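Input: a single structure, listed below in structure tokens.
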Amino acid sequence: MHIRGDHAELVVGGRLDVRSAADARTVLHSALDSGRGDLVLDLTELDSWDATGLGVIMGAHRRAGRTGRRLVLRGVPDRMQRLLVATRLHRILAIEGGIGAAS
């Protein structure tokens, strides 16, 4: 897994899973704590995520709300969109363009 960017936009690539969760959580929390406005999480380079990775995203979403910010997902891959719909998390998370608009 790799994450690059700043406190306004992060690009997540590789696998967001149990092995990378702690590092991802640290980077996301740091970005949320040090910025203002929306934090865009670009997932176009993300290969896969597991339940732990999805938990990291949800934790960042909650932390964003507590810091007066909003976590916005961009470029959610199709199979991950299906998981968000199946779990109904697409109703909770801010997804740029909505489900179905990302490629």
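The values are calculated or read from the model by the stated rules, or taken from the named source; none is laboratory data. Nothing here was measured: the structure is a model prediction, and the numbers come from that model. Cβ: placed from backbone, ideal geometry, glycine included. Neighbour counts: every protein chain shown. To get the accessible areas, we keep the full protein, side chains included, count just its heavy atoms, and leave off ligands, DNA and RNA. Shrake-Rupley method; radii C 1.70, N 1.55, O 1.52, S 1.80 Å.
Among the residues of segment 49-60, those identified as of a type in the set (A, V, I, L, M) and open to solvent by less than 40 Å² (accessible area, probe 1.4 Å) are Leu54, Val56, Ile57, Met58, Ala60. For Arg63, the requirement of being of a type in the set (Lys, Arg), surrounded by 16 or more Cβ atoms within 10 Å (Cβ to Cβ) and outside any strand (DSSP E or B) is met.
Restricting Arg69, Arg62, Arg79, Arg4 to residues that are at pLDDT below 90 and within 14 Å of the chain's Cα centre (by Cα) narrows the list to Arg4. Of all residues in segment 77-97, those being open to solvent by less than 70 Å² (accessible area, probe 1.4 Å) and either more than 13 Å from Leu43 (Cα to Cα) or not in a loop (DSSP other than H, G, I, E, B) (or both) number 12.
Rundown of residues vs (1) hydroxyl-bearing (Ser, Thr, Tyr); (2) over 15 Å from Leu71 (Cβ atoms); (3) touching a Leu at 6+ places or on another chain (Cβ under 9 Å), yes/no style:
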{"position": "Ile3", "(1), (2), (3)": "no, no, yes"}
{"position": "Asp6", "(1), (2), (3)": "no, no, no"}
{"position": "Glu9", "(1), (2), (3)": "no, no, yes"}
{"position": "Val12", "(1), (2), (3)": "no, no, yes"}
{"position": "Arg15", "(1), (2), (3)": "no, yes, yes"}
{"position": "Ser20", "(1), (2), (3)": "yes, yes, no"}
{"position": "Ser30", "(1), (2), (3)": "yes, no, no"}
{"position": "Gly35", "(1), (2), (3)": "no, no, no"}
{"position": "Leu39", "(1), (2), (3)": "no, no, yes"}
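Of the set (1) open to solvent by 20 Å² or more (accessible area, probe 1.4 Å); (2) in a helix (DSSP H, G or I), all apply to Gly68 but (2). When residues in segment 36-45 are screened for being open to solvent by less than 20 Å² (accessible area, probe 1.4 Å) and farther than 16 Å from Gly97 by Cβ, 1 of them pass. The set of residues in segment 6-34 that are surrounded by fewer than 18 Cβ atoms within 10 Å (Cβ to Cβ) and touching an Asp or Glu at 6+ places or on another chain (Cβ under 8 Å) comprises Ala8, Glu9, Val11, Gly13, Gly14, Arg15, Val18.
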